[in-house]
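Colleague: Structure provided below as C-alpha cells; questions to follow.
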Amino acid sequence: MSPAMSVSVEINMEDEQLESQYQKGVRHLCESGITKIPRKYILPISDRPNSQKGDHNAENLSIKLPIIDFAELQGSNRSQILNSLAKACEEFGFFQLINHGIASDVILSMIDVAKRFFDLPFDERAKYMSSDMRSAVRYGTSVNQNKDGVFCWRDFLKLSCNPLSDVLPFWPSSPVDLREAAVNYSKQTKFLYVMLMEAIMESLGLVEATKDKNENESLNELMEDGSQLVVVNCYPSCPEPDLTLGMPPHSDYGLLTLLLQDEVKGLQIQHEGKWVTVEPMPNSFVVNVGDHLEITSNGRYKSVLHRVLVNSSKSRVSVASLHSLPFNCVVSPSPKLINEANPRRYKDTDFVTFLDYISSCEPKSKNFLESRKLT
Ligand code: OGA
Ligand code: NI
C-alpha cells in the first residue's frame with residue numbers, strides 16, 4: 001500500500017467512527033465535551049442563520065404574532081374572533097393562542113418529563129431509536145438521519161398517538177411518569193385542535209355554508225379519528241450557533257400544529273420575505289397552518305416556512321403536536337372554495353404519498369407542497 005493510500009484509508013475509518021457518533025445524537029455529542037461543532041453540522045454559508053441579505057443580525061428581528069383568545073372564540077365575540085383567525089391564517093400562517101384552557105400542570109408536566117427523557121443515559125434513550133417512519137415511538141436526531149448530508153443540532157422523540165390504547169405500550173417506560181404526562185397532554189391538545197379546526201372551517205365558510213348537520217358530523221368524526229403526532233424537540237446549547245440550525249426551513253405537513261415553546265427563543269418564521277423570531281409568550285401555544293390546510297383551503301390559508309436557531313448558552317425544548325386527517329384519507333381542496341374565479345390549485349394528496357416522498361428524498365423547504373401544486 002502506498003503512503004497516500006494508507007492515509008486515505010485511515011481517514012475513511014475515522015469518518016466512519018465519527019459518523020456512528022453523530023447517529024447517537026447531539027446530546028450525546030455534547031456530553032463528550034466539545035468546544036467546536038464538527039463538520040457534519042456546518043451548513044453551507046448561504047443556509048446559515050445570518051445569511052439574510054442586508055442583515056447581519058437576523059436573530060434580532062422579532063415579530064409579535066396575531067393573538068387569538070380561545071375563551072373569546074367560545075363567547076359572544078365569536079364572529080369577530082373568526083375574522084382575526086382568518087386574517088392570521090392568510091397573512092402569517094401562524095398565531096399565538098391564549099386562554100386555551102389547558103391546565104398549567106398538564107403543560108408543565110409535559111415539558112418537565114420531556115427534559116428528563118433527554119437527561120436519561122444514552123443507552124436508555126437508544127432503546128427507542130427507529131428508522132421506521134410509522135413506528136409508535138421514534139427517538140432520533142437531525143431530520144432524517146439516514147439521508148441528511150448536513151445534520152441539524154436537534155434530537156427528538158416522536159410519539160404517535162393513534163389510537164392511544166394501541167400505541168401506549170410502545171411509548172418509553174422511563175421516566176416512569178412519561179406515559180401519563182404525554183397521554184394527558186395529547187388528549188388535551190387534541191381537544192383544543194378539534195375546537196380550533198371547527199373555528200377554522202367556519203372561518204373558511206365551510207361549516208356555515210352547508211348547514212347540513214350530517215356533513216358537519218362527518219367532519220367532526222374525521223377530526224376526532226384524525227392522526228396526531230407529538231414531537232418533543234431538544235436543542236442542546238451549541239458552541240457555534242451561527243454555523244448550524246436546530247431545524248432547517250420547512251413547513252409542517254398536517255392541518256394544524258400546536259407548538260409549546262419554553263422560555264428560550266429559537267423559532268423563526270418567514271414573513272414578508274424575511275426570517276423573524278417568534279418571541280416566546282408564557283401560557284400560550286404557537287399554532288400554525290400545515291400543508292394539508294393550505295390544500296384544503298385551496299391556497300387561502302398559508303403553510304409558512306419556519307426554522308429553528310440554536311444558541312450558545314441555553315438548551316431549548318419544544319413540544320409540537322401535529323394534527324391531520326386519518327392516515328387513509330385523501331386531502332383535496334374543498335369543492336366549495338373552487339369556482340371559475342378560483343380554480344383548483346392543488347392535486348389530491350394522502351399520507352402514503354407524503355411518507356413515500358419524505359423517505360425518498362432529503363426534505364428541503366416546501367418541496368412536498370410544491371409537488372402538489374397544479375401549474
Ligand atoms: C416542528 C417545529 C419548532 C420549534 O417540530 O415542526 O417546527 O420551535 N418546531 O421546535
Ligand atoms: Ni415545524
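Colleague: How much accessible area does VAL231 have with a 1.4 Å probe, in Å² rounded to the nearest 10?
Modeller: 10
Colleague: Using the beta-carbon distance between GLN21 and LEU108 and R0 = 25 Å, what value does 1/(1 + (r/R0)^6) give for FRET efficiency, to the nearest 0.05?
Modeller: Computed FRET efficiency for GLN21 and LEU108: 0.15.
Colleague: Sticking with this structure for a sec: Could you give the nm distance between label points at ILE45 and MET133, where each point is 7 Å from its Cα heading toward the beta carbon?
Modeller: With each label placed 7 Å out from Cα toward Cβ, I get 3.5 nm.
Colleague: Using DSSP H assignments, which helices in the chain have an axial alpha-carbon span of 27 Å or above and a mean Kyte-Doolittle hydropathy of 0.5 or higher?
Modeller: Qualifying helices: none.
Colleague: Further, regarding this structure: Nearest 5 percent is fine: what portion of the DSSP beta bridges confined to the chain is antiparallel?
Modeller: 85
Colleague: Evaluate the chain: find the radius of gyration of its Cα atoms, find its Kirkwood radius, and give the ratio Rg to Rh.
Modeller: Rounded to two decimals, Rg over Rh is 0.98.
Colleague: I need the calculated FRET efficiency for the pair SER237 and GLU340, taking r as the beta carbon distance and R₀ as 41 Å, to the nearest 0.05.
Modeller: 0.15
Colleague: A further question follows. Quick one: length gained pulling SER76 to LYS347 fully straight, 0.36 nm per residue minus the C-alpha distance?
Modeller: Extra length available between SER76 and LYS347 comes to 93.8 nm.
Colleague: Next up: Listed here are the pairs LYS40/LYS158; LYS64/LYS158; LYS127/LYS265; LYS87/LYS314; LYS24/LYS274; LYS302/LYS347; which of them are more than 25 Å apart at the Cα?
Modeller: Those over the limit are LYS64/LYS158; LYS127/LYS265; LYS87/LYS314; LYS24/LYS274.
Colleague: Could you list the residues of region 68-92 with an amide nitrogen less than 20 Å from a label point located 7 Å from the Cα of ASN99 in the Cα-to-C-beta direction?
Modeller: Those under the cut-off are 68-89.
Colleague: For ILE295, ILE111, write out the residues from largest to smallest accessible area, computed with a 1.4 angstrom probe and no ligands counted.
Modeller: Descending accessible area places them as ILE111, ILE295.
Colleague: Taking 7 Å along the Cα-to-C-beta vector as the label spot, tell me the ASP356-VAL194 distance in nanometres, rounded to one decimal.
Modeller: 3.2
Colleague: Along Cα→Cβ, 7 Å out, is where each label goes; now give me the distance between the ones at GLU272 and SER174 in nm to one decimal.
Modeller: 5.1
Colleague: Rank-order 24-30, 251-257 by packing density, defined as the average count of other C-beta atoms within 10 Å over each peptide's residues, highest first.
Modeller: The most tightly packed comes first, giving 251-257, 24-30.
The values are calculated or read from the model by the stated rules, or taken from the named source; none is laboratory data. Quick caveat: nothing in here was measured; it's all calculated off a predicted structure. FYI the Cβ positions are ideal-geometry reconstructions off the backbone, even for glycines, and counts take in every protein chain you see. Accessible surface is based on the protein model in full, side chains and every heavy atom, while ligands, DNA and RNA are left aside. Shrake-Rupley method; radii C 1.70, N 1.55, O 1.52, S 1.80 Å.
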